[in-house]
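In what follows, a single structure is set out as structure tokens and then discussed.
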Amino acid sequence: MKMFDPDAMGEKFLRRFAGGTSRRGILARLGVALVAAPVFPLLPVSRAEAAKPDRSPEAKTAFARNAQTTDDTKCTYWRYCAIDGSLCSCCGGGLHSCPPGAEHSPVSWVGTCINPEDGRAYLIAYRDCCGKSMCGQCGCDGTDRETQLYVPQLNNDIIWCFGTTSMEYHCSTAVLIGSA
Amino acid sequence: MTFLAKSKRSAVIRRSFLSAMALVIASAPGAASAAPPLEPDVEAPPATIPAPKPSWVYVNRGFGTPGFSIWDTATGKMLGLIEGSWLADMEIDPAGKAYYVAETFWSKGFRGTRQDMVTVYDGASLKLQTEIAMPGRILVGSRLKNFVVSDDGSTGYVYNLSPASSVNVVDLAKRKFVRNIELPGCASLISNPGVGFSALCSDGSMATVSTAGAKPVITRSAPFFAATDDPIFDNFVVDKAKKEAVFLTYTGLIYTASLGANPKIAEPFSIQEAAGVRKGDTKPLDINWYPGARQQLAVHAATGHAFVLMHMGEYWTHKAECNEIWEVDLAAKKVVRRMVLERSFANIAITQEAAPKIIVSGEDGALVILDAKTGEEKFKIKSAGNGVLRTVGPS
């Protein structure tokens, strides 16, 4: 009975490969690849990735054109482009921290906001602070790229107090996740 | 001693003066001394209300004030209040015998054990009849399509986000929870007569769920709208009798869909172009007329006319209150009238009467009733509520 012999199979494959190729052939193919390399960035995918996003005033939303970076208790603060609710910064908390006794929701909706100082777009996670009655201070409603319930991660009307001990809404934070 | 005598004398003088004054008042013409005093009120039984009338409007009182107040647009009077918890959704029994409220409670205020249910209220007395427990529901305000009832009134569909997406099916005749159907990526429910329900999805398609068999069967249409670039507003209008839905997008595209096992969605048209205005765009700095606010669309079924709240602004101002109503002939794809409002409003509804009335309300809770034909203001109510509006019929 013939047994399965991986060593013999491997040897057979390598001998066939060596017999069908040559060092010159491999060098020739490498040369072609090197010559052709500069052409690859012209392909559509590379061009799309290389294209710099348009951050001119004409390409910005009304919110982005008027956004500021100095006062996080104002609705115009740049990270609030898609927030909805009371700003935790006005309720005893901060941009990414809850007021005393409130609990940060582990999940959130998100927005993509442009920082006017560096012109870059950043992914912002709007995490609700939960477990206390509504703060009621500094009510804001940023609507940049805000959608409806069938795209819940981009909807800012939903009470996002999931996974917390209480679903009572208190206020919203704007946590910077990274470059968008 | 001297002091006491003086005091007594003063008291005598005061009493004499008061007696004299009493005589003057009693002898004055018109004094009703002979008339018997008013009888104390006999406690009357609580009022009841008739079955829902086409002239009525149901006002979701909004984020901070629970309950649904009932107003008669013919008189401008409040008729009663359907109880509801924070962020509750209300539906009307098509037979007019009950009101259903999908709502959520916790055992200790906002803490403790969560309880989700459809609460049944008697249509006449508005008294609690029963509670149908179910496993969860979405918590969000200003929406009409998270709780819908089938055309025959037998079944309720309640949207749930946990944050996994699903739909609770509730048997309203037997008053019991039936099952939960997972529906990833879809929300905004549409009662689909004879089939079950449909929903809009994040890939721009419409899902249709047939609930007739032992297991639900889910099918999807081809994508027909841009869910993130030009979304359809959640508060669209469904006419169960016509088996038709009317959708409106952020840029102002109007779609109509024939419901059924395989819904057919017609090519959209631009509300701006239908008014002779440049088509709505998604580009920044393009100032144009756009639909907006919370509840943007109402349809009068008999005439096939839509009424849309419009405002001037840039794209992504879809929550802005609106100061014009555009009346659209859906069949002719024409804006037949533009009504300029005194101020901006967030919600619009229309009664299905032969001579309909438009109801608009603002974020401040003010509600105004207009004659739909003339635009004349019939009633203004200061603080009715700022939530979504319901009338009897398509909504």
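Here are the numbers for the structure shown:
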item: Meets criteria (touching a helix residue (DSSP H, G or I) at 6+ places or on another chain (Cβ under 8 Å), at pLDDT 95 or above and not β-branched (Val, Ile, Thr)) for B:Gly280; result: yes
item: Checking B:Leu126 against (1) in a loop (DSSP other than H, G, I, E, B); (2) under 16 Å from the mean Cα position of the chain (by Cα), the condition it does not meet; result: (2)
item: Residues within region B:187-224 that are under 22 Å from A:Gly111 (Cβ atoms) and open to solvent by 20 Å² or more (accessible area, probe 1.4 Å), tallied; result: 2
item: Search result, residues across region B:133-168 that are more than 16 Å from A:Phe162 (Cβ to Cβ) and touching a Lys or Arg at 6+ places or on another chain (Cβ under 6 Å); result: B:Ser142, B:Asp151, B:Val158
item: Sole exception among (1) more than 26 Å from B:Val178 (Cβ to Cβ); (2) among the polar types (S, T, N, Q); (3) assigned to a strand (DSSP E or B); (4) open to solvent by 20 Å² or more (accessible area, probe 1.4 Å) for B:Ser107, by number; result: (1)
item: Residue tally, condition within 14 Å of chain B (Cβ to nearest Cβ) and part of a strand (DSSP E or B), over region A:67-93; result: 3
item: Single condition A:Ala64 does not satisfy, out of (1) within 14 Å of chain B (Cβ to nearest Cβ); (2) closer than 19 Å to A:Phe162 by Cα; (3) in contact with a Pro (Cβ under 8 Å, 6 or more places away or on another chain); result: (2)
item: Check on B:Gly96, under 20 Å from B:Gly393 (Cα atoms) and in contact with a Pro (Cβ under 8 Å, 6 or more places away or on another chain); result: yes
item: Pair list, Cβ < 8 Å and 6+ apart or interchain, from region B:203-228 residues that are within 14 Å of chain A (Cβ to nearest Cβ) and assigned to a loop (DSSP other than H, G, I, E, B) to residues that are open to solvent by 30 Å² or more (accessible area, probe 1.4 Å) and β-branched (Val, Ile, Thr); result: B:Ser221/B:Ile265; B:Phe224/B:Ile265
item: Residue among B:Ile82, B:Ile70, B:Ile138, B:Ile132 that is within 13 Å of chain A (Cβ to nearest Cβ) and aliphatic (A, V, I, L, M); result: B:Ile138
item: Matching residues, region B:36-73, being surrounded by 13 or more Cβ atoms within 10 Å (Cβ to Cβ) and among the β-branched types (Val, Ile, Thr); result: B:Ile49, B:Val57, B:Val59, B:Thr65, B:Ile70, B:Thr73
item: Yes/no for B:Tyr100 being closer than 22 Å to B:Ala173 by Cβ and among the aromatic types (Phe, Trp, Tyr); result: yes
item: Residue satisfying condition, being more than 9 Å from every other protein chain (Cβ to nearest Cβ) and either assigned to a loop (DSSP other than H, G, I, E, B) or surrounded by fewer than 16 Cβ atoms within 10 Å (Cβ to Cβ) (or both), within set A:His170, A:His96; result: A:His96
item: Tabulated pairs, region B:317-342, first closer than 15 Å to B:Thr303 by Cα, second assigned to a loop (DSSP other than H, G, I, E, B) and of a type in the set (A, V, I, L, M), C-beta under 7 angstrom, 6+ apart or interchain; result: B:Trp326/B:Ala275; B:Val335/B:Ala275
item: Answer residue from region B:167-186, given it is within 14 Å of chain A (Cβ to nearest Cβ) and open to solvent by less than 10 Å² (accessible area, probe 1.4 Å) and is farthest from the chain's Cα centre (by Cα) among those; result: B:Leu183
item: Options A:Gly93, A:Gly85: the member that is in contact with a Cys (Cβ under 7 Å, 6 or more places away or on another chain) and at positive phi; result: A:Gly85
item: Answer residue from region B:139-166, given it is surrounded by 21 or more Cβ atoms within 10 Å (Cβ to Cβ) and of a type in the set (D, E, K, R) and is farthest from B:Asn386 (Cα to Cα) among those; result: B:Lys145
item: Hits in region B:247-304 - residues which are surrounded by 22 or more Cβ atoms within 10 Å (Cβ to Cβ), assigned to a loop (DSSP other than H, G, I, E, B), within 14 Å of chain A (Cβ to nearest Cβ) and of a type outside the set (A, V, I, L, M); result: B:Tyr250, B:Thr251, B:Gly292, B:Arg294, B:Gln296
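Yes/no per residue for (1) under 25 Å from B:Glu267 (Cα atoms); (2) assigned by TED's automatic domain parsing to the domain that holds B:Asp281; (3) among the acidic types (Asp, Glu):
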{"position": "B:His311", "(1), (2), (3)": "yes, yes, no"}
{"position": "B:Glu314", "(1), (2), (3)": "yes, yes, yes"}
{"position": "B:Cys322", "(1), (2), (3)": "no, yes, no"}
{"position": "B:Val328", "(1), (2), (3)": "yes, yes, no"}
{"position": "B:Arg337", "(1), (2), (3)": "yes, yes, no"}
{"position": "B:Ile359", "(1), (2), (3)": "no, yes, no"}
{"position": "B:Lys373", "(1), (2), (3)": "no, yes, no"}
{"position": "B:Val392", "(1), (2), (3)": "no, yes, no"}
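Every residue, every condition in (1) assigned by TED's automatic domain parsing to the domain that holds B:Lys145; (2) at pLDDT 95 or above; (3) closer than 20 Å to A:Leu149 by Cβ, yes or no:
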| position | (1), (2), (3) |
| --- | --- |
| B:Lys174 | yes, yes, no |
| B:Val178 | yes, yes, no |
| B:Gly185 | yes, yes, yes |
| B:Leu200 | yes, yes, yes |
| B:Phe247 | no, yes, yes |
| B:Leu259 | no, yes, yes |
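The values are calculated or read from the model by the stated rules, or taken from the named source; none is laboratory data. Computed from a predicted structure; not experimentally measured. Cβ sites come from the backbone with ideal geometry, for glycine too, and all protein chains shown count toward neighbours. Ligands, DNA and RNA are stripped out before the accessible areas are found, and what is left, the full protein with its side chains, is counted by its heavy atoms. Shrake-Rupley method; radii C 1.70, N 1.55, O 1.52, S 1.80 Å.
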